[in-house]
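Working notes, structure below.
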Amino acid sequence: MRAKYPRLPSHYIYTACQMACYIYRSFRKLKRKGLAKAEKPVFKKQVVMLDDHLFSLNPESWEVLIAVEGGRVKLKLLHGTYHEKFKEMKIGQAWLVKSEDFYLKAVFSKVVEVAEMDGKAVAVDVNENNIAFGTLEYAENRETKERAIRTAYFLKRRRVEAIYHRIAKEVVAIEGHKRQAQQVEL
């Protein structure tokens, strides 16, 4: 890659190798489990991984500088009030992703202090069939039966869709026969 792109910042080559290794490791793991859908690993999206040498983000102005051949490009990011909470956070890696447009997917981190247990905190665990909550002195588990409800609605939807598709095929077939009959009459 260095011979092919001599003016490209070297960290692009480093991050490309990193991503290729992640994808290959993931593919090997799936292949061992028999879950790989292809014979060889493939890139599904057009993505460029950016480390802290390749980009910098200013959360005050929401401008990002991205290293390119011969310098850096400044881009203005679209953001909303939701993004204001990221201003105090530390920026990590990012990925430049191409779909219809380009977008920047960034990782933020923040150091959080863990409060001391004073007995007033309540721990909650929401599962598919139950909700568990409690403190050091008290714990309770409530059964929700949500799994059965969700499964029942899933099966109902599938039956309705199957009936709809069968009826739609029949209507298309009837319409097709009518058109053929009209063409024969002409």
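The values are calculated or read from the model by the stated rules, or taken from the named source; none is laboratory data. Only a predicted model underlies this, so the values are computations on that prediction, with no experimental measurement involved. Cβ placement follows ideal geometry from the backbone for every residue including glycine, while neighbour counts extend to all protein chains displayed.
Numbers for the structure displayed
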| quantity | calculated |
| --- | --- |
| Residue selected from the stretch 18-43 under the condition surrounded by 12 or more Cβ atoms within 10 Å (Cβ to Cβ) and within 28 Å of GLY71 (Cα to Cα), by the criterion nearest to the chain's Cα centre (by Cα) | MET19 |
| Out of ILE13, ILE23, ILE66, sole residue that is assigned to a strand (DSSP E or B) and closer than 21 Å to VAL97 by Cβ | ILE66 |
| Set PHE43, PHE27: member being modelled with pLDDT under 90 and of a type in the set (Phe, Trp, Tyr) | PHE43 |
| Residue tally, condition more than 22 Å from the chain's Cα centre (by Cα) and in contact (Cβ under 8 Å) with a residue 12 or more places away in the chain, over the stretch 69-103 | 6 |
| Criterion (of a type in the set (Lys, Arg), over 25 Å from TYR14 (Cα atoms) and outside any strand (DSSP E or B)) met by exactly one of LYS40, LYS85 | LYS85 |
| Qualifying residue in the stretch 94-101 (condition: of a type in the set (A, V, I, L, M, F, W, C) and either more than 29 Å from TYR22 (Cα to Cα) or exposed (fewer than 14 other Cβ atoms within 10 Å of the Cβ) (or both)) | no |
| Subset tally (residues that are modelled with pLDDT of 75 or more and surrounded by fewer than 10 Cβ atoms within 10 Å (Cβ to Cβ)) for the stretch 102-130 | 6 |
| Test: LEU96 is at pLDDT 85 or above and touching a Ser or Thr at 6+ places or on another chain (Cβ under 8 Å) | no |
| Some residue of the stretch 144-161 being more than 35 Å from the chain's Cα centre (by Cα), modelled with pLDDT of 80 or more and surrounded by 10 or more Cβ atoms within 10 Å (Cβ to Cβ) | no |
